[in-house]
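The values are calculated or read from the model by the stated rules, or taken from the named source; none is laboratory data. The structure displayed is predicted, hence computed values, not measured ones. We place every Cβ from the backbone using ideal geometry, glycine too, and count neighbours over all the protein chains shown. These area figures cover heavy atoms from the full protein model, side chains too; ligands, DNA and RNA do not enter into them. Shrake-Rupley method; radii C 1.70, N 1.55, O 1.52, S 1.80 Å.
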Amino acid sequence: MTSSTQYRRDIDGLRALAILPVLAFHAKLPGFSGGFVGVDIFFVISGFLITGIIAREIDSDAFSLGRFYERRARRILPALLVMMSVCLGLAAWLYLPADFEAVPRSALMTLAFLANVWFFTQTGYFGGPAEAMPLLHCWSLAVEEQFYVVFPALLWLLAKAPANKRLAAVAAIACASFAIAVWKQADTDGFAFYLLPARAWELMAGSLLALLPGVPSAKPARIAGPASLAGLALIVWAVATFDRATVFPGANALIPVLGAVLLIRFAPGTLVGRLLSTQPLVFVGLISYSLYLWHWPLIVFAEYASDAPLSGPRQAAVVLASFLVAWASWRFVERPFRSSARFDQRRIFILSGAGMGALGAVSLGLLPLGGWPSRFPESVTRMADAVNDISPVRGKCIIAEAGADNKACNLGAAVAPTALLWGDSHGVELAWALGQSLAPQNRALAQRTRASCPPLVGYATETDPDCARHNLRTLDHVIASPQIRTVYLAAFWASPTYGQPGTLALLDDTIRRLQAAGKAVTLIGPVPPQPFDVPRHLAHAAARNALDTAKGAPLADYRRETDWITAHYARWLQQRVTIIDPVKALAEGQNSRLLVDGKPAYFDSHHLTLAGASAVIAAHSRHD
């Protein structure tokens, strides 16, 4: 096993190339739509550096698990524990009950280095509840630490094997991990994103570099220069062109990973290497760990307190604050604890255990409080509790397949359904409200929904290959079910993802197929989305005694964004399609309505509460 002990400034520069896109992506700066690939670069760097250390020590019979984990504790824990303590305190001060409840749990899982498993079970990374989770970014630390529980033992077992067999064994495991990542890449459950089996290959890409002979020995300029430029170009291209719709990680992660590999292998002595070794980039690389730890909580709390995404001066202020706090963390927390003269191994382990134990005890003590609603007056919690005003079968029926045993998703009277709601997650509460309206007539409705999958035959999305199959199965089920006489179509029609060229033709074709099968079709139009989390916004307004001034988004914006579908209401009415227009219940002057009968109409920024859905159905019945 071989790896140089020489300090490489260019690797600190590469760390800067990893953290800056992550910061820019999270701060919503333009031009960094794929900034999340910085985490993949960090994985490669970590695999290269840590494997090099382990390899050198094993080769010299000096490897010790105690010393290895002492170094990990010095590097990871002090800054992490300080950041987590601040997050718990700020969340206790700012967070509404529904948002606070998960913070102590996520803190405990972070302390156990199982944050990736926790967040895998809770949320997706790119939106929704994730944007109120201040410890979400700790998933990547958990992946690394889980890797370093297993990998040192693997290298030790391979210590006496010939070099080519060691490389082959590590490469085989890396290939198996990559195969898992590709296999799971299109699944929407987050497995490929959060969990070690699908991420280990990225760390092992760096490990293989460290185990290769000749790293970082001089390379011919005719190879090193172009190769390092290619590595830089791959990273820049991924940062600039990837976005939230990119299927990631999986095969697409090869681009930033290969870019990082090329830079580590070939950058020394090249123009790119000199660029990465400049003082500003090296400085950012030195504080990159603290900058990673602090930037996300600062963004989360800033957006939470203001009920709005970062923009303009607030973007600049939070980015600047991230650098200042990161520098302070590096200077006054990271550096002192890395000094073995100030903190020997015994003291590091004692202080680490004490810090983790104290933070764990506080987190455990907060669990019985749940969301800790007593921190707020009743007027505030009443608004905040709208996050729970959802369909009782949302969890069971958010993905309800046709043809399966879905009796729990038959709503209304206890009879065979004569109607069916087909839609994405926007249909869930509307289905319940429809079921409630049909029950007095001794009728029932079947709910067939799939999150982020509009009821359009032929609609395809890379992020959910099963969507197209689900829609075909639903259509076949409806056609084969003579008792189903009415079909409701509901979706997040106001989403820019749906309002693309070709969507209208798919909707027309779906309606035509249903009518050809003798079904009555009811189209539920778009719900006006809001630029903020509605329960949170209303709770903050209630805290200021300003509920009467809370307004929804301008209807002019809604009409402009949904004209692709609402402009065809008259044509569909002539074709005997019934239209349920949510705006009839959700309009209030020139703005959309946030409250119906004193209750929040939304449980997030665009999904209706049961109160909101019931108001939409009731308004249609009155106007019908």
Distance in Å, no decimals, from the C-alpha centre of region 574-618 to the one of region 301-322 is 31 Å
With a Förster distance of 56 angstrom and the Cβ-Cβ distance between residue 179 and residue 574, calculated FRET efficiency to the nearest 0.05 equals 0.55
The alpha-carbon center of region 401-470 and that of region 5-26 are separated, in whole Å, by 48 Å
Output ordering of 463-474, 301-312 (per-residue mean of other Cβ within 10 Å, highest first) is 463-474, 301-312
Rounded to the nearest 10 Å², the accessible area of residue 237 using a 1.4 Å probe with every protein chain kept is 130 Å²
Here the FRET efficiency for residue 93 versus residue 350, based on Cβ atoms and R0 = 35 Å and rounded to 0.05, is 0.70
Using alpha-carbon positions, the gyration tensor of region 264-390 gives root eigenvalues a ≥ b ≥ c; with a/c under 1.5 called rounded, otherwise prolate if a/b exceeds b/c, else oblate, the class is oblate
The pairs in 407/519; 160/184; 28/184; 184/396; 396/519 lying past 29 Å Cα-Cα in this model are 160/184
Magnitude of the Cβ-charge dipole (Lys and Arg +1, Asp and Glu -1) of the chain about the Cα centre, nearest 20 debye, reported as 1160 debye
The alpha-carbon center of region 521-568 and that of region 228-273 are separated, in whole Å, by 40 Å
Along principal axes, largest first, the alpha-carbon spread of region 225-312 in whole Å comes out as 47, 33, 22
Quick calc, region 93-187, dipole around Cα centre from Cβ unit charges on Lys, Arg (+) and Asp, Glu (-), nearest 20 debye, gives 620 debye
Under a 1.4 Å probe, counting only protein heavy atoms, residue 584 has an accessible area in Å², nearest 10, of 110 Å²
A 1.4 Å probe over the protein heavy atoms gives region 88-236 a carbon and sulfur accessible-area percentage of 72 percent
With all protein chains present, region 568-624 has a carbon and sulfur share of its accessible area (1.4 Å probe) in percent of 47 percent
Per residue, accessible area of the chain with a 1.4 Å probe, heavy atoms of protein chains only, in Å², comes to 41 Å²
In degrees, nearest 10, the alpha-carbon axis of helix 200-211 is tilted away from the dominant principal axis of the alpha carbons of the chain by 20 degrees
Computed for region 175-320: size of charge dipole around the Cα centre, +1 on C-beta of each Lys and Arg, -1 on C-beta of each Asp and Glu, debye to nearest 20, value 600 debye
If unit charges are put on Cβ atoms (+1 for Lys and Arg, -1 for Asp and Glu) and the dipole of the chain is taken about its Cα centre, the option from 428, 263, 84 lying farthest towards the positive end turns out to be 263
If one compares the long axis through the Cα atoms of helix 254-266 with the longest principal axis of the Cα atoms of the chain, the angle in degrees, nearest 10, works out at 10 degrees
One quarter of the C-alpha convex hull surface, i.e. the mean projected area of the chain in nm², amounts to 30.5 nm²
